[in-house]
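Any read-out appearing in this document is the output of simple, stated calculations on the displayed coordinates, not a laboratory observation. Since the structure is predicted, the reported quantities are computational estimates derived from the model, not experimental observations. Cβ sites come from the backbone with ideal geometry, for glycine too, and all protein chains shown count toward neighbours.
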Amino acid sequence: MEMNLYGYKCKKCGQLHYPYRMVCKKCKRNAHNEFDLVPLPKNGKLLTFTHLYTLPADFEVAKLTLGIVELENGIRVTGQVSIQNPHMGMQVKGKIEAVRQEGYDTNYGIVFYEV
Amino acid sequence: MREVYAIGVGITSFTRLEYPLSEIAAYSGMMAMKEAGFPNIAHLYVANMGGCALNHQAGLASAVVDSMSLTPAGATTIENGPASGASAILQGFLGIASGMYETAMVIGAERMREVDNLESTEFVASLTHPLAEYIYGVTLPSLAGMFTRLYMEKYGVTSRHLAMVAVKNHANAMDNFFAHLHEPITVAGILDSPEAMTNNPYVADPLRFYDCCPVSDGSACVILASAEVAKKMNKPLIRLAGVGQATDTHAVQEREEPTDLLAVRRAAAQAMQMAGIKPGDVHVAELHDAFTILEIVESEEVGFFKKGEGHLALERGETSLTGKIPINTSGGLKAKGHPVGATGVGQAHEIVLQLRGEAGKRQVKNARVGFTCNFGGFGNNVVCLTFIREE
């Protein structure tokens, strides 16, 4: 089964959110969980990135590249970037992968690659 | 609302302190009490972020109020991320302005060096959005790094500008006994020399080691009082004339314009409007430079300079000690240090000293209006304060 990041579309006004929030930021009138789950596109444009060298304890690598990507539908997501020499504005494609191991817990999230 | 005055201040060194958190907190409180002539404290507000997570100390205010023998005064611990300090001052302000209390003590205290670097990085990273940021390994330096890259691209800020902020604040800290770093640096040394990549490596590129604040322990205290109490004292009258607070999205990516810090703009506007001043009226300011880029951006967002021109003003020396609007005379978070919960109170401490004319070698001449900006998360919770000296 293909894994996705999901956006949350308000059933009252249609506003799409990512990440999840309890109350719609546009109409502010939705009831609890009154959202439709919408799979987000995985391709987009790299807005900005950083190579991080002081890492949290869960990451046993020398550096981690992180970036903010504007997806094809305009939603922005933060994710890991697996590109040797990234540059701002480049097209990237995302894959859902394990991004962080916390003890026995595996967290899945989006990792961006060169198109 | 009643008028609120700062009648006493105290501070410990911002450094590594081998004392229990509650003692660190009480120490600056004792200094302020002595300075203010031991007023009767009606309520104690203690700002702290990591007491539970790092020091195994819950309910810090209860420990401090008893340790300082102030019982049965009310005591409240305030955790609001790195903006805890100014948030606690805001609560103290409300207590007195409302007429509920005559005097309130506000302490900010933190002990982050009890744990190792990995753990303190992890602790501060818990400020980020748990699902949209944290799981990817996002930390505060990485958010600042991504923000800096956008700012460089859009407005032409360079690594040299960032280094200039660090050099200026390190130089200011040389005259501040309580600062964490007493270490003069030069742009040539941290950027141009062959050793630069060794002594100033990248942390979250384009941010380097000297673009980031140190991890500090320490505490600071401000005692607030009504006009009736303050006017009996034989000291310059420093009025807390304006307070402002604003918030923004938790996840940074959700902001419409990623180079804007809207919460700073809004909180600053509130704090200045309440005090009846304009940005141009401010004589001295303490801005939250946890990363050098933030001093530049905040100086624009609070209104000292036009958007995108903060780095040019820095180049012209307008933010240095003898400039038009001296910023971070204490050394700022960059060199004075950043004990997260104490920082906002530490900023207020510096402004009170400056307005009284007690700042020694780093004194700004004839400073009568002071301003602080305390920045929580990556700009998702910001508290600004305006202080005015009354004649």
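Quick look at the values:
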item: Degrees, to the nearest 10: B:159-173 long Cα axis against longest axis of chain B; result: 30 degrees
item: Greater than 27 Å apart at Cα, pairs in A:K95/B:K334; B:K278/B:K365; B:K168/B:K235; A:K11/A:K42; B:K232/B:K334; B:K34/B:K231; result: A:K95/B:K334; B:K168/B:K235; B:K232/B:K334
item: Vicinal HN-Hα couplings computed from phi for the range A:17-34 (Karplus, 6.51 cos²θ - 1.76 cosθ + 1.60; Hz; Gly/Pro x); result: 10, 8, x, 4, 9, 6, 10, 4, 7, 8, 8, 6, 10, 6, 7, 4, 6, 7
item: Amide H contacts of B:G341 (H built 1.01 Å from N, under 5 Å, at least 5 apart or other chain); result: B:M49, B:G50
item: Partnerless Cys - the protein assembly as shown, beta-carbon criterion under 4.7 Å; result: B:C52, B:C212, B:C213, B:C221, B:C373, B:C384
item: Sparse-neighbour loop sites [GluC sites (Glu not before Pro); the range B:227-332; at most 10 other C-beta within 10 Å; DSSP]; result: B:E256
item: Chymotrypsin sites (Phe, Trp or Tyr not before Pro) within the range A:58-115: DSSP coil, no more than 11 neighbouring Cβ in 10 Å; result: A:Y104
item: Number of partner chain Cβ atoms within 10 Å, mean per residue of B:128-134; result: 5
item: Global form of the protein assembly as shown, assessed from the alpha-carbon gyration tensor, a/c cut-off 1.5; result: prolate
item: At most 10 other Cβ within 10 Å, DSSP loop - trypsin sites (Lys or Arg not before Pro), the range B:362-391; result: B:K365
item: Only Lys, Arg (+1) and Asp, Glu (-1) charged, at Cβ; chain B dipole about Cα centre in debye; result: 1160 debye
item: For the range B:79-96, Karplus couplings with θ = phi - 60° (6.51, -1.76, 1.60), whole Hz, Gly/Pro x; result: 10, 9, x, x, 8, 4, x, 5, 4, 5, 5, 4, 5, x, 4, 4, x, 7
item: Rounded tilt (10° steps) of B:140-155 against the dominant C-alpha axis of chain B; result: 60 degrees
item: Mean Cβ count within 10 Å, highest first, over the residues of peptides B:142-153, A:92-103; result: B:142-153, A:92-103
item: Amide H contacts under 5 Å for B:D248, placed H, 5+ residues apart; result: B:N381
item: Cβ-based net charge around B:G108, under 14 Å, with every Lys or Arg adding one and every Asp or Glu removing one; result: -3
item: Note, ³J(HN,Hα) from phi for the range B:273-280, Karplus 6.51, -1.76, 1.60, rounded to Hz, x at Gly and Pro; result: 5, 4, 7, x, 10, 10, x, x
item: Shielding by partners, peptide A:54-62 (average Cβ within 10 angstrom, other chains); result: 5
item: For B:R208, residues with placed amide H under 5 Å, excluding near neighbours; result: B:V203
